[in-house]
Amino acid sequence: MSEENENKNVSINVEEPNVPPAPVNLTLGNLNNVKNLVDVAITRGAYKPNEVSTVGKVYDEFVAALTNLINMTNANANANANANESSSEPETKNV
């Protein structure tokens, strides 16, 4: 076989239909389920001993981010509740 035949690049242009991407529905509950799955996998010894430290590091980062997200969500919910309470209070006018 000649070198010319071995190094041919072929490009194909494929037109993709204009289909909008499916909406992503990832909730805090889903993320918490992932955390629980990793917990179970570690408990059942699904990882080799040399993998546990890497898995643990990723797990710790994931849990920290999840905790931060939960705290931010709770803070936003509390701020919205406080804003709604103050806007629903009747105004008093001094005459």
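Throughout, read-outs are computed from the coordinates displayed, never taken from laboratory work. Computed from a predicted model, the values in this text were never measured in an experiment. All Cβ positions, even for glycine, are placed from backbone atoms using ideal geometry, and neighbour counts span all protein chains on display.
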Given a Förster distance of 35 angstrom, what is the FRET efficiency for N84 paired with V34, based on the Cβ-Cβ distance and rounded to 0.05?
0.60
Tell me the label-point distance for the pair I42, I12, using the 7 Å Cα-to-Cβ offset, in nm and rounded to one decimal.
4.5 nm
Loop sites in the range 29-66: chymotrypsin sites (Phe, Trp or Tyr not before Pro), DSSP, at most 15 other Cβ within 10 Å
Y47
Three-way shape call for the range 26-86 based on the alpha-carbon gyration tensor, with the a/c threshold at 1.5:
prolate
